[in-house]
Amino acid sequence: PSATPNSVAQFADNTGKVLATGSIAVGTSPNNLPQLDSTGHLPTALLSLSPETNSLAADVTLTGTGTYFNGPFVAQGTVGTWFASGTVTIYNSSGSNDFYFIRLWDGTNIIASCVVFAAGSTNVSASLSGYITTPAGNIEMSVAPKNFTGAIIQANSSGSGKDSTITVFRIG
C-alpha cells in the first residue's frame, strides 16, 4: 500500500484483509502500524515478513534440577526487533509430581517465562511469546525441572513431529 502525505491509506495483509484505514502523513503511523517511508510507502522489508522456525528433532532429557536445558531455538541474528512464539511439551517421567520452569529468551534476556506443574508420568505443554530488541544470541525455549531429573522435552509425542517448536518474525 502507499499513500500521499495527509491522505487516506489502507493497510492490508497479503489476503487483502484491511488492517487499518485512516488519514496518515508521511513518517507517522496510526495504531502503531509501521511508518511510511519518505515516498509514502511501507518499507519493503516489512512487506515481506518471513518466519524463522525450528522444531526439536529429538527429545532432550533434563538430567539436572535447577538447570535450564535448551529446547527449540532459532539463529535469527542480533539485529532488529523480533516477535517470538514457542511451545514446549514436557513428559514427566519421574513418576513424582514436579514443577518445570520455562523461559523464552536469548540466553541472556528473558522475553517471557512461566512455571507449569506435571503429575508423575504425564505430559504438559506451555506456550510463551513476546518481543525482543537486539537479541544477545539465539532465541530459544528452555526448561528447568525443580525437584527430579529424567523428564523429557519432547520432539514428537503427538505423532505430528512439532511438539516443541519456536517461530520468530523480524518486525523492525
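The values are calculated or read from the model by the stated rules, or taken from the named source; none is laboratory data. What you see is a predicted model, and the numbers here were worked out from it, not measured in a lab. Backbone-built Cβ (ideal geometry, glycine too); neighbour counts: all protein chains shown. Ligands, DNA and RNA are excluded from the accessible area calculation, which covers all protein heavy atoms including side chains. Shrake-Rupley method; radii C 1.70, N 1.55, O 1.52, S 1.80 Å.
Couple of notes before you dig in:
- Fraction of accessible area attributable to carbon and sulfur, region 92-152 (%, probe 1.4 Å): 48 percent
- Calculated on alpha-carbon atoms, Rg and Dmax of region 67-154 in Å: 13.4, 43
- Compared with the alpha-carbon gap, the fully stretched path from CYS114 to ALA58 is longer by 17.8 nm at 0.36 nm per residue.
- Using the 1.4 Å probe convention, the accessible area of region 52-172 works out to 45 Å² per residue with neighbouring protein chains retained.
- Each Cα pair under 8 Å and six or more residues apart adds its separation to the average, and for region 53-151 the resulting relative contact order is 43 percent.
- Taking max minus min of the alpha-carbon positions on each principal axis, region 126-172 gives extents of 39, 29, 16 Å, largest first.
- Neighbour net charge for TYR91 - beta-carbon separation under 14 angstrom, K R +1, D E -1: -3
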